[in-house]
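Here the structure comes first, spelled out in structure tokens, and everything after it is commentary.
The values are calculated or read from the model by the stated rules, or taken from the named source; none is laboratory data. Because the structure is predicted, anything quoted here is derived from the model rather than measured. Positions of Cβ are backbone-derived with ideal geometry, glycine not excepted, and every protein chain shown enters the neighbour counts.
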Amino acid sequence: MASVKLTDVKKVYDNNVTAVHDFNLEIHDKEFVVFVGPSGCGKSTTLRMIAGLEDISGGTVEIDGVVVNDLQPKDRDIAMVFQNYALYPHMTVYDNIAFSLRLKHMPEDEIYERVTGAAEILGITQYLTRKPRALSGGQRQRVAIGRAMVRNSKVFLMDEPLSNLDAKLRNQMRAEIILLRKKLDTTFVYVTHDQTEAMTLGDRIVIMRDGYIEQVGTPTEVFEQPHNTFVAGFIGAPMMNMVPAQLKREGRQITVSLLGAEIPVTGDKLEELLAKDVHSGEILLGVRPEHMMLVHEAGPDTIAATLEVNEMMGSELHMHVIAPDETRLIVRVPTVNLTTEQRERLVYGATVHLTFEPKVMHFFDKEKGTNLIYG
């Protein structure tokens, strides 16, 4: 087991395109860290620099306190699982898993013990004599994970390992990776573009954009305390509603005006804004779709909107509405709270009234996009 430390790491390609800018992160021993972000943000490039598959243009990568910039991948004591499985089609599952151990000239009895042990953990014992072409996508991914497991490496690297699977298999494999992590008890670095994977798997999440780190934190921290509008919009599905608003402060009282509603800020949010000494001005107010509430009577703290699309998701409705100034919002409404009569009224063109509690509001600088409390 080992820690991984990246200090001022950068990657510049021959055409002077910088893929990763001054990346600084310390991954603790036995921690599961997830790199997440949109395509092209530099997450896989960073992982490949840790693995030694990409040259490092600047900075240092340390594994277990040793700088590995100039070490070959085979000398870094890492194991990697790729997106495309990278199995040898002419070999059996057993031989695929055993391949790296045989390169090290390990005794066959020890190889047998490691391979069968990994197969039992992954539930693929019955497939050891098969070729990869006879396996499903999920089974092939288990073989790829097994091949990495048997090496007993200090660090386990995974580059979008579930992206080729269908939704049902992804959910299943995600749960299996969580269980595998508990059994292996090693250091994991995992890359994904799927924020659900990041939230469910990671001890900490590294959110990237255009080669920069936007925020590092636990799943709870990045969800509840996003540092900027990018993080707020990227984490959570559907994405957070962002609405231009007017923040008004008079002494120790703060209210927010938006879309015809006047909402007083109270509790912890009020104290946090006062501690930051915010002043009156234009802001962006963020509210997640699941934190908006459907109410049945208009009031000073409600927003009147017109229902445009109503998606039935089973346990909840995803309501797409148009508020004043043509502002579009998404509202998640649990169906268990609605009567049959109330559901029947939620049709195209219906007027709905929305509100939310002050404690779920997020306040962002209108120009910079930074969080006024946590940014």
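Annotations
- S153 passes every criterion in (1) among the hydroxyl-bearing types (S, T, Y); (2) part of a helix (DSSP H, G or I); (3) buried (at least 18 other Cβ atoms within 10 Å of the Cβ) apart from (2).
- The number of residues in the range 289-317 that are in contact with a helix residue (DSSP H, G or I) (Cβ under 7 Å, 6 or more places away or on another chain) and either of a type outside the set (S, T, N, Q) or under 19 Å from P244 (Cα atoms) (or both) comes to 3.
- Out of L25, L6, L47, sole residue that is without any contact (Cβ under 8 Å) to a residue 60 or more places away in the chain, under 27 Å from R181 (Cα atoms) and among the aliphatic types (A, V, I, L, M): L6
- Residues located in the range 209-230, provided they are part of a strand (DSSP E or B) and buried (at least 23 other Cβ atoms within 10 Å of the Cβ): Q215
- I124 being at pLDDT 90 or above, touching a Gly at 6+ places or on another chain (Cβ under 8 Å) and not polar (S, T, N, Q): yes
- Pick from the range 25-55, criterion basic (K, R) and out of contact with any His (no Cβ under 9 Å at 6 or more places or on another chain), ranking: surrounded by the most Cβ atoms within 10 Å (Cβ to Cβ): R48
The rows are residues; the columns are (1) at pLDDT below 95; (2) surrounded by 13 or more Cβ atoms within 10 Å (Cβ to Cβ); (3) under 30 Å from E214 (Cα atoms).
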residue: A261; (1), (2), (3): yes, yes, no
residue: V265; (1), (2), (3): yes, yes, yes
residue: E311; (1), (2), (3): yes, no, no
residue: S315; (1), (2), (3): yes, no, no
residue: T327; (1), (2), (3): yes, yes, yes
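- Residue within the range 231-241 that is closer than 17 Å to Y374 by Cα, of a type outside the set (D, E), surrounded by 18 or more Cβ atoms within 10 Å (Cβ to Cβ) and in contact with an Asp or Glu (Cβ under 6 Å, 6 or more places away or on another chain) present: yes
- Within the range 269-292, restricting attention to residues that are in contact (Cβ under 8 Å) with a residue 12 or more places away in the chain and small (G, A, S), the residue that is nearest to H318 (Cα to Cα) is G286.
- E250 vs. criteria of a type in the set (D, E), out of contact with any Pro (no Cβ under 6 Å at 6 or more places or on another chain), crowded, with 18+ Cβ neighbours inside 10 Å and at negative phi: no
- Residue check for V331: in contact with a Pro (Cβ under 6 Å, 6 or more places away or on another chain), buried (at least 20 other Cβ atoms within 10 Å of the Cβ) and touching a residue at least 12 places away in the same chain (Cβ under 8 Å): yes
- Residues of the range 197-223 that turn out to be acidic (D, E), over 17 Å from K30 (Cα atoms) and at pLDDT 95 or above, as a count: 3
- Yes/no for D22 being more than 22 Å from the chain's Cα centre (by Cα) and surrounded by fewer than 16 Cβ atoms within 10 Å (Cβ to Cβ): no
- Close pairs (9 angstrom Cβ cut-off, 6 or more residues apart or separate chains): closer than 13 Å to L180 by Cβ and in the same structural domain as M173 (by TED's automatic domain parsing) in the range 116-127, among the acidic types (D, E) and part of a helix (DSSP H, G or I) anywhere: L122/E176; G123/E176
- In the set E62, E113, only one residue is free of Cβ contacts under 8 Å to residues at least 40 places away in the same chain and not polar (S, T, N, Q); that residue is E113.
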